[in-house]
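Below is one structure, written out as structure tokens, with a few remarks after it.
The values are calculated or read from the model by the stated rules, or taken from the named source; none is laboratory data. Bear in mind the structure is a predicted one, so any value in this text is a computation, not a measurement. Note that each Cβ is placed from the backbone with ideal geometry, even for glycine, and that neighbours are counted across all protein chains shown.
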Amino acid sequence: MTQLDSVMAKVRAENRAALIAYIPAGFPSQAGCAKAIQALAAAGVDAIEIGFPYSDPVMDGPIIQEAADISLKAGTNAADVFAALKVASDTGVAAVVMTYWNPIEKYGVEKFAQSIADNGGSGVITPDLTIEESEAWLAATTKAQINPIYVVAPSTKDARLAEVTAKTGGFVYAAS
């Protein structure tokens, strides 16, 4: 059971939604990101989502795109994402990473999942990875004992939602 699983059980028992904050790793700088993470944790968020800055964040809005661009121009890389994740997990708040599939594949699927676990992370949101294409990822997340978190659209049919939730851990990310 991950820390995220514990948070989700707690908020269900309290009959409330979880407040999950988002910040791209390295934004506005590495030090600024760490301070923002600590402030979010101190403010009482239930979990923190660390964004892996990506050069073509087509699924993100203009604000996140600009923040990712600033982070990338400063040289943010995978090590910086894992460092931000460690800052978040060290606060005691459940922490996950959101990333497109390409950085995971480039880094190494098993190595990426293990790095999430090694830095106290609970899981990874993969907005562009379908359950049909995720056999290697599911094996890696199972081995690392982290949550694979998938995304569904508002148009997702009930049968598809059941398939996705059967393979998701922690929560299902509902795109709006």
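Here are a few things to note about the model shown:
- Sub-9 Å Cβ pairs linking a first residue in the stretch 109-121 that is on the phi > 0 side of the Ramachandran plot to a second residue that is part of a helix (DSSP H, G or I), at least 6 apart or interchain, are G120/Q3; G120/L85; G120/K86; G120/A88; G120/S89; G120/D90, ordered by first then second residue.
- Within the stretch 101-157, restricting attention to residues that are of a type in the set (V, I, T) and in a loop (DSSP other than H, G, I, E, B), the residue that is surrounded by the fewest Cβ atoms within 10 Å (Cβ to Cβ) is T130.
- Pairs where the first residue, in the stretch 147-169, is of a type in the set (G, A, S) and the second is modelled with pLDDT of 95 or more and not in a loop (DSSP other than H, G, I, E, B), C-beta under 7 Å, 6+ apart: G169/G123; G169/N147; G169/P148; G169/I149
- Count of the stretch 158-176 residues, restricted to those that are outside any helix (DSSP H, G or I) and over 25 Å from D118 (Cα atoms), is 3.
- Condition met for T126 (in contact (Cβ under 8 Å) with a residue 24 or more places away in the chain and either farther than 18 Å from A17 by Cα or among the aromatic types (F, W, Y) (or both)): yes
- Condition check for T142: without any contact (Cβ under 8 Å) to a residue 60 or more places away in the chain, within 24 Å of R16 (Cβ to Cβ) and of a type in the set (S, T, Y): no
- Whether a residue is out of contact with any Leu (no Cβ under 8 Å at 6 or more places or on another chain) and either surrounded by 19 or more Cβ atoms within 10 Å (Cβ to Cβ) or of a type in the set (F, W, Y) (or both) was assessed, and A47 does not pass this test.
- Annotation: D128 fulfils all but one of (1) more than 24 Å from A39 (Cα to Cα); (2) at pLDDT 95 or above; the unmet one is (2).
- Filtered residues of the stretch 63-100 (kept if touching a Phe, Trp or Tyr at 6+ places or on another chain (Cβ under 7 Å) and outside any strand (DSSP E or B)): A67, A68, I70, S71, A78, V81, T99, Y100
- Against the criterion of being over 25 Å from N102 (Cα atoms) and over 15 Å from the mean Cα position of the chain (by Cα), A41 qualifies.
- Every residue from the stretch 81-121 that is within 11 Å of G26 (Cα to Cα) and touching a helix residue (DSSP H, G or I) at 6+ places or on another chain (Cβ under 6 Å): F82, A84
- Residues of the stretch 11-55 that are under 19 Å from V172 (Cβ atoms), part of a helix (DSSP H, G or I) and in contact (Cβ under 8 Å) with a residue 24 or more places away in the chain: V11 alone.
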